[in-house]
Amino acid sequence: MRIAYNAPFVLTFMLTAIAIMAWTNFVNPFFTEQYFTLQPALNLQDPLFYFRLFSHVLGHENWDHLISNGTFILLIGPYLEEKYGSANLLFMSLLTALFTALVTILFFPSYLLGASGVVFMMILLGSFTNVKSGYIPLTFILILFLFLGNEILKSFQQDNISQLAHIVGGICGSIFGFVLNKRR
């Protein structure tokens, strides 16, 4: 048997995130903070600001954070990549990263890192994988209620978790699901 690189976007995303975490842990402890953490200020003069609008999804606080996000991405991502294609999943992930970054910077300026927004985008998008035209899947409604409802409730707690990223990611996944399945 041979090993197949079966989900190019998902595998490249995860291997890159793992490499970034390893580099941060073993070579440069400030690597993630410098390049893969969105800063809480809108700094249009800094070229890295534009890079971080997207790159923040590849940086993680620690291995537990990476494993938590990575597990969902590796479970859901290959199915989504098979259904929508690698290029579409890359595009949806980039848009989700950008929207999450802009909403965070404009409305709740704080540091942002991790793939949680992309994970929630995939979770909501995943509920559309077997939808028929003209129907709203009950799985979508339940996921929306359970996952996003929980994040809205948690947003009133003080912690280091960006529920806003989860909510924005879920909204992006919902929109992508409706738009892409309407075309089919």
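Can you list residue pairs whose Cβ atoms sit under 6 Å apart, with the first residue in region 92-116 being on the phi > 0 side of the Ramachandran plot and the second being assigned to a loop (DSSP other than H, G, I, E, B)? Count only pairs 6 or more apart in sequence or on different chains.
Gly114/His60
Which residue pairs have Cβ atoms closer than 7 Å, lie 6 or more positions apart in sequence or on different chains, and pair a first residue in region 32-55 that is in a loop (DSSP other than H, G, I, E, B) with a second residue that is polar (S, T, N, Q) and surrounded by 12 or more Cβ atoms within 10 Å (Cβ to Cβ)?
As it stands, the answer is Phe36/Ser55; Pro40/Ser110, since those pairs meet every condition given.
What is the one condition in (1) of a type in the set (Val, Ile, Thr); (2) farther than 18 Å from Leu148 by Cα; (3) under 13 Å from the mean Cα position of the chain (by Cα) that Ile123 does not satisfy?
(2)
Say whether the condition of being at pLDDT 85 or above, of a type outside the set (Phe, Trp, Tyr) and within 18 Å of the chain's Cα centre (by Cα) is met by at least one residue in region 154-167.
Looking through region 154-167, at least one residue is at pLDDT 85 or above, of a type outside the set (Phe, Trp, Tyr) and within 18 Å of the chain's Cα centre (by Cα).
Could you list, ordered by first residue, the pairs with Cβ atoms under 6 Å in which the first is in region 117-133 and of a type in the set (Phe, Trp, Tyr) and the second is crowded, with 23+ Cβ neighbours inside 10 Å and not in a loop (DSSP other than H, G, I, E, B), at least 6 apart or interchain?
Phe120/His166; Phe120/Gly169; Phe120/Gly170; Phe128/Gly177
Return the pairs, sorted by first residue and then second, in which the second residue is modelled with pLDDT of 95 or more and β-branched (Val, Ile, Thr), the first residue lies in region 5-23 and is under 12 Å from Pro78 (Cβ atoms), the beta carbons are less than 7 Å apart, and the residues are 6+ apart or on different chains.
Val10/Ile73; Phe13/Ile73; Met14/Ile73
Here is a yes/no grid of residues against (1) crowded, with 21+ Cβ neighbours inside 10 Å; (2) touching a Pro at 6+ places or on another chain (Cβ under 7 Å); (3) among the hydrophobic types (A, V, I, L, M, F, W, C):
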site: Leu98; (1), (2), (3): no, no, yes
site: Leu113; (1), (2), (3): yes, no, yes
site: Met121; (1), (2), (3): yes, no, yes
site: Thr129; (1), (2), (3): no, no, no
site: Leu146; (1), (2), (3): no, no, yes
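Which residues, counting only those in region 44-61, are more than 22 Å from Leu95 (Cβ to Cβ) and surrounded by 13 or more Cβ atoms within 10 Å (Cβ to Cβ)?
Answer for region 44-61, where residues must be more than 22 Å from Leu95 (Cβ to Cβ) and surrounded by 13 or more Cβ atoms within 10 Å (Cβ to Cβ): just Glu61.
Would a scan of region 34-42 turn up a residue that is over 20 Å from Ala165 (Cα atoms), at pLDDT 95 or above, buried (at least 18 other Cβ atoms within 10 Å of the Cβ) and not polar (S, T, N, Q)?
No.
Pro109 - would you say it is under 18 Å from Phe51 (Cα atoms) and either part of a loop (DSSP other than H, G, I, E, B) or more than 14 Å from the chain's Cα centre (by Cα) (or both)?
yes
Taking region 59-106 only, how many residues are in a loop (DSSP other than H, G, I, E, B) and within 20 Å of Glu33 (Cβ to Cβ)?
So the answer is 4.
The values are calculated or read from the model by the stated rules, or taken from the named source; none is laboratory data. Small disclaimer: the values here were computed from a predicted structure and weren't measured. All Cβ positions, glycine included, derive from the backbone under ideal geometry; neighbour counts span all protein chains shown.
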